[in-house]
Every structure is written in structure tokens, then in C-alpha cells.
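One structure is given below, encoded as C-alpha cells.
A short reminder: the numbers here are calculations on the coordinates, not readings from a lab. This is a predicted model, so every value here is computed, not measured. Here Cβ is always computed from backbone atoms with ideal geometry, including for glycine, and neighbour counts include all displayed protein chains.
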Amino acid sequence: MHDELIFENCDHSRDPVLGCALEGVASIVAGIQDVGMVIHSPQGCAATVAMAFDSHEIDFTRRKVACTRLFESDIIMGASEKLINLVKETDRTFKNKAIFVVGTCAADIIGENLEGLCRQIQPEVSAKLIPIVAGGFRGNIYDGMELGLKALLPLIKKSEIKKQKSVNIIAPQANLNPTWFADLKWVIDILYKMEVEVQAVLAHNTSLEELENAGTAAANILLSHDSGFAFAKRMRELHGIPLILADIPLPVGLKNTARWLKALGIYFDAEAQAEQLIKDGDDRVVDILRRRALMIIPRYRNCKIAISADATIGIGLVRLLFEELEMIPELILFRSQTPESRRILERELKGLGISPRVAFGVDGFQIQKALQDVEISAVIGSAWEKYMAEELGIKIAFDVLAPTNRDIYLDRAYFGYEGMLNMLEIVGNDWEKTFRSKEIDWEEFQSC
Amino acid sequence: MSESIADSIVFHGHLGELYRLAKEGKIKTGLQGSHTRPCKFWTATKILSGIKNSVILTHGPSGCAYGVKKTYKLTNCRNSGSMYEPVVSTNMDEEKVIYGGEKELKGAIMEVDRKYHPEIIFVATSCATGIIGDNVDAIVEKMRAGIHAKLMTIHCEGFAGEYRSGFDLVYRQLTKLMAPPSPDMKLKLADSVNIVGGKMGPERTEVDTDVKELVRMIEGIGARVNAVIAGNCSLEQIRRAPNVAVNCALCLDIGYAIGHAMLEEFGTPLNSTILPYGVSATEKWLQGAAKYLVMEESAAAFMSREYDAVRNEFEAAKKFLQGKIAIVEGHDAIKSLSIAHMLERDFGMRVVIYNFHPWSTEARETSIDYLLETGMDPEILITKGTLAFGKYESMRQTENELLSFIGGFSPENTVYFGSSLSFPHIPVVDLNAILNRPRFGYRGALKVAKCIQTALEYSFRPRSWLTKRIVFPQNAGFASAQSLTPKLGQDLPDCTVYAERRRGKCMMS
């Protein structure tokens, strides 16, 4: 149904818009409470790890990260001793329950036997040692999240008994909402209203105990369409926990939210609560927009727009923009490419009866080229797209996703009803700023 | 000195002594495992980011390129209005790590040339390609003939050197893009200088930055600036750079590498002094430039005019500060040494640099040598917190140690030059704030004088309980100013708004 874009001169070179696998691994580790992390790497990789901790907004008092700071002689002669000493020092200083020992490109390529080393020194340290090989070349941030999640599997205890109304939430951080934890909170609140218990979030602010008991959940919910599918599959194979709601868009926009809530209600026998949530949500959005945003109708109707996003938010945006705001999504660019997100998008486009230009796994060059080649009036994306749009003469750029140019003090969900309003508020303000006159003939006013 | 601070002291003496002990291996100069600085790859690409119409092609996995792009390029878009600029990667994956990435590199060079049409492609190596041993030089050599852009290899594997080595490497490499001086061009640029030691890209247009102040002063004495290398300079500016009358180092340590290389290679004179904080250092910097420009007279007239404009407030501050004690935060070595120089030379204060990490004695050797040669040997105090493993947790410790140290000094006689994220009971002068720019030159000296004056005038006001609690949350154990930032947050001026990370939240400074 869609017209997939093909780009020239992109077979060997890439202008990345995503971090590497190390960042993904670190992003999972950063989501677990009371653990330390030893990075076996040159010191620059610590910046990548810091980005992951930043994304969880973890205060530095809670960052227990050490780096072996590998130099040339370490690469040539090996640095096992250095690593052993640092692990011991980290254990003594931080006194965490577990330490993740993470090897990055350098350690990965020289073949440091992290598993063997961890086994060897485990009797001498109090913390449980968990090795992860995470060379940045093993993929992008989403691949890294899968690696990080995979490393958690051995920590999850087998349990034949499942708690009836309970779920694990997977990969909430694989979401370009700059305050993605607000989306997570919205989901947890909804589950609470449906009397569904959250067993473990994998991983954000998660205790080791919650992680150990993740095997008791009745279902897994993936909060991303960019990462976590492989982990969810392994959870089904190893622990018999099914993945639910993974074949529909995430709750972005009214209809998607309603569909997601209904599906959740049906699964957990809470249809009445779901219907009530939908009614209340719809009423609230309509009431607020009626009072404060009537202009969204003439403003946005038939505006040709590009969506440059992750699949998590982007798939939901298609219906929101087309059906609810009467815009025309002419171009859809996703930073990731999973078979699952392709299938969901394909179904959505078919259902809506539209055939925009589409590209998956895009880099900076491809985003810029597509924005240049496809006729659009607006783009919804991040700060990257905002600056590209400026250069290309696309007047309207909605800076909604990470990395964003906005200072955000309060967490704002994009999922759910308030989430839709949060996005529309940014869109409304960015629209307004676009059309404010910037070239003023002051002399004309002075002569008055 | 109180007993508690005496227990915490690791070193208390003069810079020269610390320097000697470090050289003799009698004091540990390594950074703790909990401390990391940008690697050689990051520092190299920071300089490369300051060259217009160039593309950095990183041969390695994409993460290294993305980190640099998000930190430097996006920041330039946000702060300085730059266009979107790529940082390209050969995107090495597992297969290429095993079988080699030479084919990818060849393809990538051709694609970058066709896609972006840059004047030059910098091929920057990464840890991965450095270890697997791809013959990057040979590939680049072979490719030269077939593409339009110039090509230059930068061997900046992250493991291949300390933080500063990336700066030095790129600056030395840039000299290879320079044409030897010619009589004609020397004549054309006889009234010109290069400011060397810049990095990252264009200056912010809405901020009176230090670099812009240097340019204003150079122009004030009747000369011109050929290029700020590498602060948004073109390849053509770099090419003709050896013809200028003199290279003026922006930052003594970082500018020295390229200035020295150009001196050796092309005989371009080098004017290298400490950062021009304060009148005395500014005059040295200007006189050094004027000597080679043969503009001593106009420089003297300019300096006189400039001083007259700040005289009253500057001398009032001087009168007040003379003989008083200045505690200078030492986390940023060069800045602390430069401020120490200003406070001692301009204001006649007794300076104590607090928590100058011994690591800096190696990383900032050039500045220290210069300072000692000019007869300055400030007092240094290093407490246990600075050297402790798990720095972030220990910063409450350093704050307490600072308060304990300062506890013995009266607020009437002592001023603290450092971050306003510290809360001593004496007046705090924070020169990093965006409103306190420029800090260089006479206008900078006036800013400093005004900062001091304001800090003193309002020293009756207790520090905000709100800001103090933001920095040191209640019941947060070891929480600290450092806990707000991945690295030395207070080193970062708030005009360096690193993209996405919000103010000061970037460790790749």
C-alpha cells in the first residue's frame, strides 16, 4: 500500500540518528535499581553510557559507573587484571547487589573473556556479576536494548504459577517522547484502574526482586514498536508469558487509545472500565479542544505533513494526523526497521486508504533528502528535523520528539488522552511561532 | 586550619612543588576509574567540527559518529544557528569487524563525495578499526585521485591517547593543509593574525563570547583576523594561514600545538600567553601580537583607551581586593591558573587553588610551565574528595572539605572564585554565567570587577535555600553539585547549552 523510498549513495555510508548497541545495553542496565556498572572500554565510551543514564534522568548519586579507561598498551597486552581490580574496587566502594560488567568495541574485539573473568572473581566480590558483551558494532541502540534485555533473562526465576491479573512492561525507554517515563506512568495508571498489577518494568526504576519475579506475570506488554520483540518472544518460550497488544498501534491519538484500551479490557476482563476510560477521555479532549483550540480545524486541514519519528510514536501519529486532525501524511520516515512495525504500519495505511512515501531505518541524509524531494508543508519530528526544515525552506516544523530543542520541566505523556493534548499543545505553539512576523518595518510605526 | 580539614588534605603547597612531585611519580596523576574524560576520538572530532564545508567520515560503528554529532553538531545548530551537518559513519557491524571494513571505507568515501560535495573529507578512525587493523592510509591514498574532495586521515582511536592527544593530533595534521608562505601572500596578510586553539564551530551571535572579544581587540589595534583555527574556518583560510604576521594562541595549551607546529614548519611566529583574563594578561597578549604586527604604537594607544573605559570600576575592585585571599576552584585547570594569574597580578590577592586534580599537571603541562616561568607559583590545596573513587558520591565530601577549609577565613577577607553551585559563607564570584561575557580583555576585566563588586554588595543576602536544596537534596546521602551533571558541570559556561542535555549537562566538554 505504501511507496517505499529508495536512496542512492547510502550503501556504505550512514549519517546516524541513533546511538549504538552500547547505549541500548546501558539503557536497560540504567533501569535497574541498586546495581553497579563496570565498562571495560576506552574512556570515551563512558559518554555513551552517560547518555543512557541521562535518558532515565538518573541523578548522579545513583550512578554507580566505573570505566577501565583502556589505552593502547591495554589493547596490545590485554587488560584483564585492570578489569578485575576495577570490579573489586567498584564492589568495595558502591556495595551494590549486582554489577554489570560490560565490554564495548575494544574489549569485544580483543576477545576479553568477560564471562570467564566474572566467574573467576565472583567468589571474591559480594555483588552478583553479570557480564554483557556490548560492542557498539553489534547494532544500534534498539539492538542494544535487546542485548541488555537478553542479559536479564537468567535473572528471572521460573514460575509455574502466574498471577492472574498482572503484567510485565517491556522497553518503555524505546520511545522518542523526551519524557517517555510519563507514557510509562500513564500505562501503569491505566492498568491500576483496570486492577491489573505491574509485576516488573523491564527496565525502569526496577528492583532486582521485581526482576526476579517477572516470571510470575500473566502477560507482557511491549511499550515500543522499535525494540523488545525478540525478548518478548524468549519470555514466551522460557516462561510461557504471552505478549499482548503488540499487533496494534500504541495509544497515540483518540482512536488508537480507544483501540488499545479495549484490547486491554478484553484481555483482562475489564471491558466496562475500558469503556468508561474511553468515554471520559474522549469527552475531556473534545471539551478542551472546543474551548481552546477551535482553530486546529482550519489550520491543519489538508496540510501535507511528514512524520519523521520512531515506530513507537510514529505509527500512532499516522491515524491521529490523518483521521483526527484531517492532515495528509505524505511522507513517513522511521529510524528503526522491525518486521513487526512494518506489518502494523502496512495495516494502518491500508485501513486508512492512503499511500504515503515511506522509509524505514533512515539516517540523517535520507531524512533530509526525503524532506527535500517530497512536497510537504510541515514536518513533525525532533530538533534534527527542525533544523533540516529551516534549511530546506519548510516553514512548519513541530519539535515533539527527542532530541528536542525545548526545555521541558514537567513530564508529559504522549500516550492516551492527555498525551494527545500534550502533543497538540506543542504543535499549536510551534505553528503560531512560525507565522509571527519577523521582519518589522519599525519606521512605519515610529511615524504614527 | 581546623583539625577536620587537616585530616582531609592530600596536598597543600605550591604549584611548582606539585608539578615536581607529579613528574617524579611521587603523587598519583591518573584519573580514578570513576572519572572519565572525552577520548582521543571525541577531542579530535571537536576540532574537526570547526572546519567549514568538511565532512567527518568515521570509520567504525555508528555510535561514535552519533555521539559526536549529537554533542557538537546539534549544539551548533541550537546555539549558533548552524545548518544541519552530518557526521558520517561506515557503520561497521559484526561481519565487517571480522572480515575487515576496507571495502566499506572505499564505498563510503565515494558516497560522501557524491552526496555532500565537501571540500575535504576527514577520515577518522575509531577503536574498532584501529584494532582490526584496516589499512586506512593506503585506502585514502588510493582514493585521492578518483574523488573531488581532499582527503585526510585522522588516526584518533579512542584508546590511542589521553584526552588532550586528539586536540594536538588534529592541530598538527591541519598544518598539512597549509601552503608554505609566499612573499606575495605574506605582504597581503602582513597586518593579519590567526587565533589558534578554537574549536567546534561558529560563535553564538547573541553572546559576547571571549573569541569575539579577541577579534574585536585585534581589529582595535588596526589588524585583521585571517582565521580562528578551528572555529568555523574555511579550508582556504587554513591554506593561507602561515602567511600571517603572527599566530595568537587562544588557549595556551591547546593553541600551542598548532602554533608550535606552524612555527617549526613555516616559521610563523607564535604569541602564546596564558588566557587573557584581566588587564595584565590581556596586555601581554596584545603586546605579543603587536610586536610581530609592528603595531606597538597603535596597540599602546588602544590599550590606553580600553583601560580608560574600565579604569574606575577596575581600580575600585583592585583597591578592595588587594591583600585579600582568593579561593579559586581548580576543576578546570587552565581557567583556574588564568584566574589565579589575574587575581595575583591585577589585584594583588593571595590565591589558593582548591582541588586542582594532579591529573592536570600532565594534561596542562604547557600552561604550568608558562606560569612557573613567569614567576607565578600559586598555592594549591587538594583534599581527599578530589581523589576519591566514585567522585560523584564524594562531592558532598569535597563541598564539606571546602566549607571546612574556608571556615577559618573571614568573609571580609576572602572571596571564592568558582561555581555558584557551591555554597561557602564568603562572597562567591562565578565567572561562568552567560551575562558575565566576555571574560577576556579589558571588557572582561570590567566584567570581573563588576562581578566582584556585585558579589560583595549582596553578600548580606543568604544563599537561596531553593538552589541549595536543588544541588544538595535533603536525605540524598552524598548528593552534590556534581550529582547534577555527568562531569564537571561548573566548568561549563551556561552559554554552552549542549543540545538536548540542557544546561551544562555534557561530559564531552
Rounded Å value of the spacing that divides the Cα centres of the stretch B:188-256 and the stretch A:126-182: 49
Estimated translational D of the stretch A:21-139 in µm²/s (Stokes, Kirkwood radius over Cα pairs; 20 °C; 1.002 mPa s): 154
Extension gain (nm, one decimal) between B:Ser234 and B:Ile470, 0.36 nm per residue minus Cα-Cα: 80.6 nm
Cα-based helix-to-principal-axis angle, B:210-220 vs chain B, degrees rounded to 10: 80
Reference-scaled alpha-carbon Rg (2.2 N^0.38 Å with N residues) for the stretch A:267-434: 1.05
Inter-chain shielding of A:217-228 (mean C-beta neighbours from other protein chains, 10 Å cut-off): 0
Radius, Kirkwood style, for the protein assembly as shown when every pair of distinct Cα atoms is counted (Å): 29.8
Length-normalised contact order of the stretch B:40-161 in % [C-alpha pairs under 8 Å, at least 6 apart]: 34
Percent of Cα-Cα distances greater than 22 Å, calculated over the stretch A:197-295: 42
Given B:Lys40/B:Lys106; B:Lys23/B:Lys447; A:Lys193/A:Lys255; B:Lys384/B:Lys450, the pairs whose alpha carbons are separated by over 26 Å: B:Lys23/B:Lys447; B:Lys384/B:Lys450
Nitroxide proxy distance, nm - points 7 Å out along Cα→Cβ at A:Ser159 and B:Lys176: 6.1
Residue-averaged [θ]222 nm for chain B, counting only DSSP H segments that reach four residues, each worth -39500 (n - 2.57): -13500 deg cm²/dmol
Ranked packing of A:68-77, A:360-369, most packed first, by mean Cβ within 10 Å: A:360-369, A:68-77
10 Å Cβ shell holding at most 11 others, DSSP loop, chymotrypsin sites (Phe, Trp or Tyr not before Pro): longest site-free stretch of chain B: B:1-457
Distance violations [Cα-Cα > 23 Å] among B:Lys46/B:Lys150; B:Lys28/B:Lys468; A:Lys262/A:Lys350; B:Lys115/B:Lys176; A:Lys82/B:Lys28; B:Lys291/B:Lys318: B:Lys28/B:Lys468; B:Lys115/B:Lys176; B:Lys291/B:Lys318
Equivalent-ellipsoid semi-axes of the stretch B:40-161, from the Cα gyration tensor, Å, largest first: 22, 17, 12
Rounded to the nearest 20 debye, dipole of the stretch B:40-161 from Cβ charges on Lys, Arg, Asp, Glu: 520
Computed over chain A, Cα set: Rg, Dmax in Å: 23.5, 85
Contact order normalised by residue count of the stretch B:252-364, Cα under 8 Å, 6+ apart, percent: 24
In the stretch B:141-208, the trypsin sites (Lys or Arg not before Pro) that fall in loop regions by DSSP, at most 14 other Cβ within 10 Å: none
Shielding score for A:405-418, defined as the mean number of other chain Cβ atoms within 10 Å: 1
Between helix B:102-116 and chain B: long-axis angle, C-alpha atoms, 0 to 90°, nearest 10: 80
Averaged over B:64-74, number of beta-carbon atoms from partner chains that fall within 10 Å: 6
The protein assembly as shown, dipole about Cα centre (Lys/Arg Cβ +1, Asp/Glu Cβ -1), debye to the nearest 20: 620
Sparse-neighbourhood loop sites, GluC sites (Glu not before Pro) in the stretch A:356-448 - DSSP loop, at most 10 other Cβ within 10 angstrom: A:Glu375, A:Glu439
Within chain A, helix-based [θ] at 222 nm, where runs of 4 or more DSSP H residues each add -39,500 (n - 2.57), nearest 500: -14000 deg cm²/dmol
A:Phe435/A:Ile6 FRET efficiency (R0 25 Å; Cβ-Cβ; nearest 0.05): 0.10
About the Cα centre, charge dipole magnitude for chain B (Lys/Arg +1, Asp/Glu -1 at Cβ), debye: 1000
Relative contact order for the stretch A:21-139, counting Cα pairs under 8 Å that sit 6 or more residues apart, in percent: 32
Residue (of B:Ala149, B:His59, B:Thr71) at the positive-pole extreme of the stretch B:40-161, dipole from beta-carbon charges: B:Thr71
Cα long-axis angle, helix A:383-392 against chain A (0 to 90 degrees, to the nearest 10): 40
The stretch A:287-372: GluC sites (Glu not before Pro) falling in loop per DSSP and having at most 15 other Cβ within 10 Å: A:Glu326
Translational diffusion of the stretch B:179-304, µm² s⁻¹ [Kirkwood Rh, Cα pairs; Stokes-Einstein; 37 °C; 0.692 mPa s]: 229
Prolate/oblate/rounded label for the stretch A:166-251 (Cα gyration tensor, a/c 1.5): rounded
Convex hull volume per residue in cubic angstrom - Cα atoms of chain B: 151
Selection from A:Ala200, A:Leu294, A:Ala402 lying farthest towards where the dipole of the protein assembly as shown points positive, charges on Cβ: A:Ala200
